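Taken together, the values in this text are just the output of simple stated rules run on the coordinates, not laboratory data. Every value quoted in this text rests on a predicted model; they were computed, and no experiment measured them. Here the Cβ positions follow ideal geometry from the backbone for every residue, glycine too, while neighbour counts run over all protein chains shown.
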């Protein structure tokens, strides 16, 4: 059997023609993998490969950032295969799901993701987490959001769950005498599905334990009138008061007033666009969900006219469900559930509160998050 231009080609088996039934069974588990190269990308959008209802197109933003648009019958996601494997845009069933921002295109970031923030999803960590304090030495959310990938690929295949297309790669980060790790994300879109499966695997390549942190930063667009519906809580959420002291005073006063409401009743946040709400510049709280019998927890934004979006994760893997909401004219984001290994307050805070994790030499860990349309 061979895959050729995304189609299954029949060949002989041991010198004999392939039997129809055998070929069909064998084809169910075939894969076609294409290793991506910078030469595949240009300012002109081109179809790289088509297979059934799946399509992959390469292009380059005017900012010079390479992008891969992957589609099925329900919608698409656009991923930056060499810069963080960030998902820049995502749409299903005719609806753009990504947060609103001032950036129509991703910039080629040099120091930090904030140079061009407005993605649908980015990986955060791994040697630190969240907003650095004055004493921290790392940038916001550390190196993963814009880390450069030495290897990137797209894969078409079929498994016990059906046909799929996946995009993944490998990034390496090292510092002599300190750390050396491999980070391998993979995003899977299945036939007829309006959701993404996001897998991340980290392997410690150093002969020392690796101290690590991780957060999956998923940024939906808020829809006024929606309800936030979620798994039962294991304990009360953490309501953080983090409005900058020098922030525009009318907005700061409004957000601090809203935080005081949430201190008394955090469920007031469950209505999107509620009277009196203020998320300027942002609010970052932390929730702790109980897993169901299969080990999963969820958070949904249920639209007022039906449908909506969800994030599903395993609290045993990622126990901190960060909720990041920003609602300004320029940034409108409903990060209703950012599954994480820790809080978002910087490496030193996490260390002081025993939220760091470790991988032994040669050890690896994998996390799985699902997200998309209800």
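The table below gives the values:
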read-out	value
Gain on full stretching of the segment that runs from residue 33 to residue 131 - 0.36 nm per residue minus C-alpha separation	31.6 nm
Residue-averaged 222 nm ellipticity for the chain, from DSSP H runs of 4+ at -39500 (n - 2.57), nearest 500	-2500 deg cm²/dmol
On Cα atoms only, tilt of 249-264 relative to the major axis of the chain in degrees	80 degrees
Relative contact order of segment 98-155, defined on C-alpha pairs under 8 angstrom at six or more residues apart (%)	30 percent
Virtual spin-label span in nm between residue 348 and residue 63, 7 Å along Cα→Cβ	3.1 nm
Listed residues 185, 209, 339, most fluctuating in the chain (Gaussian network, C-alpha, under 10 Å)	209
Calculated FRET efficiency for the pair residue 76/residue 366, C-beta based, R₀ 22 Å, to 0.05	0.30
Packing-based exposure ordering (other Cβ within 10 Å, fewest first) of 227, 150	150, 227
Order of 90, 112, 124 - criterion: other Cβ atoms within 10 Å of each residue's Cβ, fewest first	112, 124, 90
Most mobile listed residue (197, 265, 136) in the chain, GNM with C-alpha springs under 10 Å	265
Burial ordering of 165, 187, 139, fewest other beta-carbon atoms within 10 Å first	139, 187, 165
Theoretical FRET efficiency, 1/(1+(r/R0)^6), r = Cβ-Cβ of residue 288 and residue 43, R0 35 Å, to 0.05	0.15
Residue 170-residue 233 FRET efficiency (beta carbon distance; Förster radius 45 Å; 0.05 resolution)	0.80
Mean separation of Cα contacts under 8 Å (6+ apart) over length of the chain, as relative contact order %	16 percent
Anisotropy class of segment 46-191 from Cα gyration tensor, a/c 1.5 cut	prolate
Extension reserve of the residue 246-residue 329 stretch, reckoned as 0.36 nm per residue once the Cα distance is removed	28.0 nm
Cα gyration tensor category, rounded, prolate or oblate, for segment 53-137 with a/c compared to 1.5	prolate
Contact order relative to length of segment 98-206, as percent, for alpha carbon pairs under 8 angstrom and 6 or more apart	15 percent
